[in-house]
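One structure is given below, encoded as structure tokens.
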Amino acid sequence: MELVTTENSPPNATHIILQSLTENVVHAKCLIGKCSNEVLSVPDTEVGSILEQLSGVIRKIGETLNLIPSSAFADQEYAEIAVRSISSEMKDVQFETRQNQIQVSEANKSQLQFPPFELAVLESESAETDLYTVDQVSKDISQSFDMPDTINFCSGRDYSGQGNHDSSSSEILKTIPRLAEYVEPLYKTFFCPLTKNIMNDPVTVASGVTYERRAITGWFKKLGDTAEDVICPTTGKKLATRDLNTNIALKTTIQEWAERNDAARIKVARAALSLCSSDIMILEALKDLQYLCRKKPHTKVLVRTIGVLPLLSQLIIYKDKKVRCMTLATLQLLAENDDEAKDMIAKTKTITIIITMLSSNHLPERHAALLLLLELSTSELLCEKIGSIAGAILMLITIKYNQSFDAFTAESANKILRNLEKSSKNIKCMAENGLLEPLLNHLIDGPEDMQTQMGAYLEVIVFRHDSEAYVAERASPTLIKMVQSEKSLTRKVAFNGLAKISSYQRNSNTLVDAGIVPIIIEEMFTRKIDSGRLNSKTQSVEILANLLDSDILLENIKVNTHGHTMTSHYVVYNLIQLLRNSTSDEMSTNLIKIFHCLLKYPKSTSTVVSAVKEMEASYTLIEFIDSPLEELGIETLKLLLTLTTYMGHILADKLCNTTGQPENLIKFPHETTQLSEKFAIAAKFLAMLPHQNLPLNLALLYTGRIPAVIQTINDIQVSVTRTGRFTNLYLEGLVGILVRFTTTLYERQILQLASGCNFTLVFTQLLMRATSDEVQRLSAIGLEKLSVQSITLSKPPQIKRVKFMKLFYIPRLLLFLTKQKQKKIQVCSVHKGVCSSDTTFCLVDAKAVERLLACLYHENGEVVEAALSAISTLLDDKVDVEMSVNMLNEMNIIHHVLNVLKEQKQQEGLWQKSFWIIERFLMKGGNRSSSDISKDRFLPSTLVNAFHHGDELTRQMAEKILRHMKKIPYNSSEFV
């Protein structure tokens, strides 16, 4: 028929069909519009005529639709089904008119006055919701089958005689009217006379009637084994024997019929899912698919091949929750024990959508999504696919441990995670998201290759703070065993993992207890061959540095069977040897960190210092300062800072004998370069070296960078760079460099430097602007050192004497002016000579005394002590003490010193400085000073406390003051 239609159709068949449809639709609109507008005034006979015309137009549309060839639909079977069904309905359309249908009451007139467009919309909605009635569908199907038993199948009767399945097929009859056109008719021979259901295992008795085996067997049992007469339940005839013969022909026919009808029902369900015209249609189609797949598992292959899976993948985002849940359940059923179906599902976006459904608030939907994901996760090929979806593993882990979810949800998530462990990438992702058990379990119990892979993951994963100790306890024994493997890759992974674990300080005791120290010591000192790929020495040094950086006791760590510990000469000297022969900056950095840790213990400090001296390791350390690896340079400078206390002059001499030093230690940040930690520590190192080392001071002087140092100090004081992280440390270093010059002012060149750069003014300004206690302390020390030199630098003014005979020839006016000029030259009352802040470093001229007095109220006792030392230089025996006391009395210095004794805690240095100043005022200050001192109520108790608890020098000074104050009587000999 298709061929005949194609041959006889004109070339422009498509144009003719579309034109005919257009004309008929326009005609139908006109008729409907006429009825809508004139329904209240059209007579009955006219209404009947309009309805008859409308019927003719609809039938013509149906005939035109039927002319569309099958080739026009291509593979869209659901479209052809819909078009053929509508065409058949339109060709059979018939309207019946009754009188009461067109009589409209006056009360309903307003409700019928719709515009044409709105009425068309209402009619369309009505037709869509009730297009086919149950009676009409049942009638059509019965006519098509032409037998009374056909309706039993369509209403849901099982082929095997199990009855209906939730009335799914009966509901489909309401939504899919043309099911009968694709389902083959039933025959009475298919039904068992006893059960009235389609037979699954038909057998024939002696009378020739065929029954279901189970039904006729039950019939025979009711009669009993002793019954002699056995009759046929259908014919009533006596059976000669109870033998049952399988009706193979009928059984095969029923099976083939069932398979063909199953295929037809699947196609109809696919069409229903494609149309998606209503929620009920979709739900019933899904139920029918589930029923068919459960009845015969191989039916899933047919469902998959006709393209149902892509439709289901689209339905999981349907608006109705029931449809989504049913779709997920159908996908799960199709994916069971079918890897090909799982692969087809994975090619869509289904898995991604399922992951988002895991957090759904609708419990059935969340459960259905979990069950589907659990089924998909059983496939090893899909495990990596699931784990690669962003957030999938994290969400599953959250569900597993979240108490707000129900038990089924948590258990399902746990099962999915266990299935995902088949992929090593998933194990890594789980560990990154906090689930460490899979990684640790495979590391401990897995084969060697798996252990190597898990160890590699262990190296790159960042652990949470609360899981560091747990990982160390479980993984350390296995990693230590892997270190002793013969495979270099396994050993490398194990070393890297141990280095990662040891980087967390809390794990040090765990690793030590596991016996790691002897193994890494052997790698460092005993192993001679070290593969460049493995580099076990470097990794062993890193692990040891991490272990020692914690609070473990070095004396208790045994490094070998000979009883050596970490503080023994054996270990220290071997570490020095490694440092000298090291070719790796990374290993050198960790070795220096180890020495940092050793210097924290008094027992090992002397060993390290002696080893550095004996093995000339100081040269090696100084060379590391300029290493391209900044971390190595910083760690070296920190170590040198610590060693300065024990071998400062040796380091200073080595530094001066090294090419490029010490000028390379003085660095200045530029506008484009931030102040680095290395700059700050280098300056601090220079400041901490012995100040009296003249060669080093001269070497610094010859660099010509001291003016730049002063300029940088001023810039830091007024610029925003003071807010930097290392600014204070850097400033302290620069100020310390200036202070070291004040200890060697006896050298002419250094004296000229201090005078030319006006060190007195620099230190005085630092007292006022200082941002740290150390800068103020250093500034006060610098002023003290400079003020000591004022005594020798201050000279009386030189008056040029005029010869006696020339007096007669010099005019009297010029002689008078010369005398007036000489009178204007001011002499320092303290130093008895001409003073200035730049040439003689006079504190009085620099107005530094007021700044020093302000420092006496500082909270830091070291700053106060340094300020008192600087003030004490003005009361030295070589100066005019009486004049100095008078000047200081004007500044009320005794009041400030007494406040120091009140505010500061018991400190020997402060007591000695304060007592010395008080004694000087008692001896040289006269009645005023004695009166001020004696009036202080707190001083006697302080003196008594110092007299009882101070050191020898402090007790002597307190005793002298108490005698001056007549608190202690003089000895008889002294009195005489």
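The values are calculated or read from the model by the stated rules, or taken from the named source; none is laboratory data. Note that the coordinates shown come from a computational prediction; the quantities given were computed from them, not determined experimentally. Positions of Cβ are generated from backbone atoms using ideal geometry, with glycine treated the same way; all protein chains shown enter the neighbour counts. Quick note on the areas: whole protein, heavy atoms, side chains included, nothing else; ligands and nucleic acids left out. Shrake-Rupley method; radii C 1.70, N 1.55, O 1.52, S 1.80 Å.
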Which one of the conditions (1) open to solvent by 40 Å² or more (accessible area, probe 1.4 Å); (2) in contact (Cβ under 8 Å) with a residue 40 or more places away in the chain; (3) among the polar types (S, T, N, Q) does Gln711 fail to meet, given that it meets all the rest? (2)
Select, from Lys428, Lys422, Lys400, Lys415, the only residue that is within 20 Å of Glu380 (Cβ to Cβ), free of Cβ contacts under 8 Å to residues at least 40 places away in the same chain and open to solvent by 30 Å² or more (accessible area, probe 1.4 Å). Lys428
Single match in Glu365, Glu384 (criterion: touching a Lys or Arg at 6+ places or on another chain (Cβ under 8 Å), acidic (Asp, Glu) and under 18 Å from Leu334 (Cα atoms)): Glu365
Show me the helices (runs of 4 or more DSSP H) found entirely inside the range 227-315 where at least 3 residues are more than 30 Å from Glu340 (Cβ to Cβ). 248-275
Only unsatisfied item for Ser360, checking (1) more than 28 Å from the chain's Cα centre (by Cα); (2) without any contact (Cβ under 8 Å) to a residue 40 or more places away in the chain, is (1)
Step by step: first the residues of the range 60-73, then only those that are part of a helix (DSSP H, G or I) and among the hydrophobic types (A, V, I, L, M, F, W, C), then the one that is surrounded by the most Cβ atoms within 10 Å (Cβ to Cβ). Which residue is that? Ile61
Can you tell me which residue in the range 191-229 is least open to solvent (accessible area, probe 1.4 Å), limited to those that are touching a Ser or Thr at 6+ places or on another chain (Cβ under 9 Å) and acidic (Asp, Glu)? Glu212
For the range 726-773: of the residues being over 15 Å from Asp838 (Cα atoms) and not in a helix (DSSP H, G or I), which is most open to solvent (accessible area, probe 1.4 Å)? Tyr746
Can you name the residue in the range 633-674 that is farther than 15 Å from Leu729 by Cβ and charged (D, E, K, R) and, of all such residues, is surrounded by the fewest Cβ atoms within 10 Å (Cβ to Cβ)? Glu671
Given the condition β-branched (Val, Ile, Thr), surrounded by fewer than 15 Cβ atoms within 10 Å (Cβ to Cβ), part of a helix (DSSP H, G or I) and at pLDDT below 80, answer yes or no: does some residue in the range 47-59 qualify? no
Looking only at the range 915-947, how many residues end up being open to solvent by less than 40 Å² (accessible area, probe 1.4 Å), modelled with pLDDT of 80 or more and closer than 22 Å to Thr873 by Cβ? 8
Need a quick list: helices (runs of 4 or more DSSP H) entirely within the range 533-632 having at least 2 residues that are open to solvent by less than 60 Å² (accessible area, probe 1.4 Å), at pLDDT below 90 and farther than 25 Å from Phe679 by Cα. 536-548
Out of curiosity, is Cys232 in contact with a Gly (Cβ under 8 Å, 6 or more places away or on another chain) and either buried (at least 16 other Cβ atoms within 10 Å of the Cβ) or at pLDDT below 90 (or both)? no
Give me a count of the residues in the range 395-442 that are assigned to a loop (DSSP other than H, G, I, E, B), within 22 Å of Leu458 (Cα to Cα) and among the hydrophobic types (A, V, I, L, M, F, W, C). 2
Looking across the range 454-505 at residues that are closer than 21 Å to Ile594 by Cβ and outside any helix (DSSP H, G or I), the single one that is most open to solvent (accessible area, probe 1.4 Å) is Ser503
